[in-house]
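One structure is given below, encoded as structure tokens.
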Amino acid sequence: MNVALYEKIWMWAAGGLIVAFVATVLGAAVGSGLQPPSHVETIDPTKVFTDPQFGHPSVTVGPNGTTVVSFGMMFAFNPAVIRVPAGKPVTFRMTSADVTHGFLIVGTNANTMLVPGYVSQFTTTFRRPGEYLIVCNEYCGLGHHVMSAKLIVEEEEKGATP
Amino acid sequence: MSTRTSRLALANLWVAIVAFGVASAMALMQALSRAALELPWRTAKMYYLSVTAHGTLMALVFTTFFIMAFGYVVAERSLGRSVPHEGLAWTGYWVALVGTLATVAAILSGKATVLYTFYPPLKAHPAFYIGATLLVVGSWLWSFVVIRSYLAWKREHPGEGAPLALHGMLATVIVWLIATVGVAAEMLFLLIPWSLGLTKTIDPELARMLFWYFGHPLVYFWLLPAYVVWYTILPKVAGGKLFSDPLARLVFVWFVVLSTPVGFHHQFMDPGIPASWKLFHTVLTFGILFASFVTAFTVTASLEVAGRARGATGLLDWLPHLPWKDPLFSSVALSMLLFGVGGIGGAINAAYGMNAVVHNTAWIQGHFHLTVGSAVALTFMGTAYWLLPRLTGRELELGLLARVQPYLWFLGMLLFAISNHITGLMGMPRRIYDASYGGSVAAQAWSGWTDLSALGGVFLFTSAGFFILVMLGTGLAGKRRDAEPIEWAEPLEPTSPKATLFDRYGLWTAVAVVLVLIAYAYPLWSHLQMQRYGSPGFTPF
């Protein structure tokens with residue numbers, strides 16, 4: 001196949017750019033542990049309200065960090081207000097009690113799908129104290145646009161009480 | 001040339017045009033709704049219904065019928081023979097049309113407000129799923145006819161490679177046949193029995209995996225026919241030649257191989273799929289980029305050839321020498337510019353870790369309106385200006401509107417897409433009826449941008465209206481004359497008619513199937529091995 005010189009240069013450059021993209025992604029994923037939320041765990045979606053864990057949505061502050069247990073339902077998050085300490089790892093364990101929802105903390109990269117029958121889990125650290133808007137970002141019915149909650153990130157000294 | 005095949009193409013083309021017109025009207029309402037304009041008919045129910053109708057009519061109906069029309073034109077005119085199995089082709093048309101009507105009826109009656117992604121356990125009326133399945137079945141008959149056209153031609157031309165336009169359509173067909181296995185499985189085994197009440201529950205995550213097995217190659221099913229226009233029609237209309245025929249063939253084969261085993265990049269934020277498999281799909285996704293980089297060079301170089309043939313001599317003055325008043329040329333050239341921006345955004349979406357910042361935000365709707373909404377839709381509109389007079393033997397009417405329309409689309413899309421990319425980065429979710437969130441401070445920051453997006457929507461709607469007027473004016477009242485011939489761009493360097501490695505469709509299909517098995521067989525198998533719990537259906541609309 002006869003390829004013009006300029007196009008050859010272009011193709012090598014494009015190939016090099018793609019290799020650089022892939023290397024960046026792999027480096028961040030393997031080297032820095034930057035992974036999307038990919039927890040594999042199932043739960044009966046018809047029994048979320050009576051589940052030993054999700055039946056009591058809560059925020060628990062332990063020695064190894066904070067755990068938030070929460071679920072989405074049409075058209076609210078439970079709990080509606082989540083308080084976590086700043087600067088410390090927070091693990092979210094979440095699911096859905098009905099249809100598929102999304103969970104996005106506006107202004108952060110905390111973002112996960114809440115798929116009925118599955119438990120979503122991810123760990124993140126909030127550095128800036130303040131009040132954050134949480135929104136559902138997957139269409140879940142006619143009240144989708146009102147499905148929201150509040151995250152309050154508290155200064156470290158205040159956030160120590162469970 | 002046979003007018004019988006032209007009739008077949010026209011029948012499909014008109015369904016595409018009508019679907020586009022209805023879907024555009026739905027879009028205007030959404031854009032205005034997001035800007036919180038107090039309109040009398042503005043309700044959440046109407047909004048989400050219109051999002052469903054817009055997505056389904058644009059992404060599934062307009063595209064599929066347009067591609068079927070264009071596929072018949074390419075099969076007949078590039079091979080110089082009427083398409084075989086004409087009865088089957090018409091059967092495919094009617095099956096797809098009846099399916100479309102069933103789906104649209106379900107949506108408009110308010111019983112299928114599940115959006116075009118129809119994620120269960122949102123549960124639509126069975127007519128929605130059955131209708132969409134019939135649309136796909138109709139397209140399978142079309143695929144069969146295109147393949148048989150090629151095989152009949154090949155028997156008379158042993159050892160030769162197909163004309164490039166048909167090569168691109170065959171790649172489209174192969175991508176489509178591999179892709180639709182996923183949606184067919186989702187419809188037949190999960191959604192249809194469940195919506196009919198034959199099964200009580202459904203696994204939403206399994207449905208999502210099957211949907212995105214189909215959902216990503218779906219975008220190449222839209223894009224490849226647009227690439228056929230860019231490679232084989234655009235250089236001819238511009239007055240030049242195709243810079244490289246073999247590299248164009250390579251590009252189409254590249255898509256055959258890599259279109260499908262990449263679907264998990266739509267599910268980065270999903271639970272239930274191990275990170276390692278998401279990463280594997282990410283690497284293959286970046287591989288696809290290569291084909292579009294090559295396309296950017298080859299098509300731009302072909303345009304430079306055209307500009308120089310028109311008398312340009314300087315470094316860049318070939319650009320103003322190009323026929324910017326020709327509606328096919330300007331549509332395609334502007335669609336390529338928008339696709340350049342959309343392609344870079346696509347690389348960001350695919351970037352595994354970075355996806356968390358934009359997933360399911362307004363960024364995504366900004367992104368795909370640059371890709372399917374511009375690279376594909378604007379190219380198809382430009383192609384319709386070129387095609388309709390050639391199929392009907394009527395002159396293009398309202399030529400001024402046709403000349404203005406692509407520029408208006410370009411401007412509207414820039415406003416719409418840029419503002420949505422920005423609000424997306426600011427955390428505004430996609431597909432929301434109202435963006436106020438009870439006066440939240442974070443949400444207030446979006447409001448100026450949503451106004452800009454609405455202004456873009458008004459421009460786009462006006463542009464779509466111009467397109468519909470030109471189509472109706474031409475089809476119903478265009479002056480009759482001898483139709484201009486349908487001609488394809490010749491390669492700059494004469495190429496041998498002999499088939500090359502890139503023309504071995506069986507081989508490349510086999511490579512694609514192997515990659516699909518590697519990417520999907522184990523994740524699906526291990527998913528089915530898990531203790532899973534079904535979900536009942538919900539109709540919150």
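State log₁₀ I(q)/I(0) for chain B at q = 0.05, 0.07, 0.12 Å⁻¹ as given by the Debye formula over alpha-carbon point scatterers of equal weight, solvent excluded. Once normalised to I(0) and log-transformed, intensities are -0.19, -0.38, -1.21.
Where does the charge balance sit around B:ARG431 when Lys and Arg score +1, Asp and Glu -1, over other residues with C-beta under 11 Å from its C-beta?
Taking every other residue near B:ARG431 into account, the sum is +1.
Normalised Debye scattering of region B:404-460 at q = 0.21 Å⁻¹ gives log10 I(q)/I(0) of -0.74, counting only Cα atoms as equal scatterers and leaving out solvent.
If I model region B:351-502 as equal point scatterers sitting on the Cα atoms and use the Debye formula, what is log10 I(q)/I(0) at q = 0.09, 0.12, 0.13, 0.15 Å⁻¹? Rounded to two decimals, the profile gives -0.46, -0.69, -0.76, -0.86.
Determine, from the Cβ-Cβ distance of B:GLU487 and A:TRP12 and an R0 of 30 Å, the FRET efficiency 1/(1 + (r/R0)^6), rounded to the nearest 0.05. Intermediate values should be presented prior to the final figure.
Values: r = 34 Å, r/R0 = 1.13.
Approximately 0.30, to the nearest 0.05.
Quick one: Kirkwood hydrodynamic radius for region B:68-108, alpha-carbon pairs, angstrom, one decimal? Taking the inverse mean of 1/r over all distinct Cα pairs, region B:68-108 comes out at 11.6 Å.
Separation of region A:101-142 from region B:50-67 is 30 Å, based on Cα centroids.
Helical runs assigned H by DSSP (4 residues or longer) give chain B a calculated mean residue ellipticity at 222 nm of -23000 deg cm²/dmol, each run adding -39500 (n - 2.57) before division by the residue total. For region A:85-162, the Kirkwood estimate of hydrodynamic radius, built from reciprocal distances between every pair of different alpha carbons, is 13.4 Å. Two numbers describe the Cα atoms of region A:49-127: Rg and Dmax, which are 12.1, 34 Å.
Could you provide, to the nearest whole Å², the per residue accessible area of chain B with probe 1.4 Å? Please list the in-between numbers first.
Numbers: 18620 Å² over 541 residues.
Result: 34 Å² of accessible area for each residue.
Highest mobility in the GNM of chain A, judged by mean-square fluctuation with C-alpha springs under 10 Å and restricted to A:GLN121, A:GLN53, A:GLN35, is found for A:GLN35. Both radii are taken from the alpha-carbon atoms of region B:129-192; with Rh as the Kirkwood radius, Rg/Rh is 1.11. Summarising the overall dimensions of the protein assembly as shown from its C-alpha atoms, the Rg and Dmax are 25.5, 84 angstrom. When chains B and A come together, the accessible area they lose, probed at 1.4 Å and totalled over both chains, is close to 5300 Å². Look at the stretch A:26-33: the mean tally of other chain Cβ atoms within 10 Å of its residues' Cβ atoms is 2. Cross-link reach is defined here as a Cα-Cα straight distance under 17 Å, omitting same-chain residues fewer than 8 places apart; for B:LYS278 the aspartates and glutamates meeting it are A:GLU41, B:GLU205, B:ASP270.
Per residue, the convex hull spanned by the Cα atoms of region B:1-72 amounts to 75 cubic angstrom. With Rh defined as the Kirkwood radius, the inverse of the mean 1/r over Cα pairs, the Rg/Rh of region B:170-276 is 1.14.
Counted over all Cα-Cα pairs of region B:233-337, pairs farther apart than 17 Å make up 62 percent.
Taken over the C-alpha atoms, region B:84-208 has Rg and Dmax values of 17.6, 55 angstrom.
On average, how much accessible surface per residue is there in region A:1-160, in Å², for a 1.4 Å probe, leaving out ligands, DNA and RNA? Present the calculation step by step, with values, prior to reporting the outcome.
Working: 6980 Å² over 160 residues.
That works out to 44 Å² per residue.
With 18 Å as the limit, the listed pairs A:LYS150/B:LYS45; B:LYS236/B:LYS479; B:LYS123/B:LYS200; A:LYS47/A:LYS150; A:LYS47/B:LYS200; B:LYS154/B:LYS241 have A:LYS150/B:LYS45; B:LYS236/B:LYS479; A:LYS47/A:LYS150; B:LYS154/B:LYS241 beyond it between alpha carbons. Eigenvalues of the alpha-carbon gyration tensor of chain A, scaled by 5 and square-rooted, set the equivalent ellipsoid semi-axes at 38, 21, 15 angstrom, largest first.
Enter the mean projected area of the convex hull around the alpha-carbon atoms of region B:314-393, in nm², rounded to one decimal. Intermediate results must be reported in sequence, preceding the final value.
Working: hull surface 29.9 nm².
With every direction weighted equally, the projected area is 7.5 nm².
On the protein assembly as shown, 67 percent of the accessible area sits on carbon and sulfur atoms, based on a 1.4 Å probe. A helix-only calculation puts chain A at -4500 deg cm²/dmol for mean residue ellipticity at 222 nm, using -39500 (n - 2.57) for each DSSP H run of at least four residues, averaged over all residues.
Taking 45 Å as R0, compute the FRET efficiency from the Cβ-Cβ separation of B:ARG308 and B:VAL283 and round it to 0.05. Walk me through the numbers on the way to the answer.
Values: r = 40 Å, r/R0 = 0.88.
FRET efficiency, B:ARG308 to B:VAL283: 0.70.
Remark: relative contact order (region B:6-88) = 45 percent; criterion is Cα-Cα distance under 8 angstrom and separation of 6 or more residues.
The values are calculated or read from the model by the stated rules, or taken from the named source; none is laboratory data. Predicted model, so just to flag it, every value in this text is computed and none were measured. Counting neighbours? That spans all protein chains shown, and the Cβs are built from the backbone with ideal geometry, glycine included. For the accessible areas, the whole protein counts, side chains as well, though only heavy atoms, and no ligand, DNA or RNA atoms are used. Shrake-Rupley method; radii C 1.70, N 1.55, O 1.52, S 1.80 Å.
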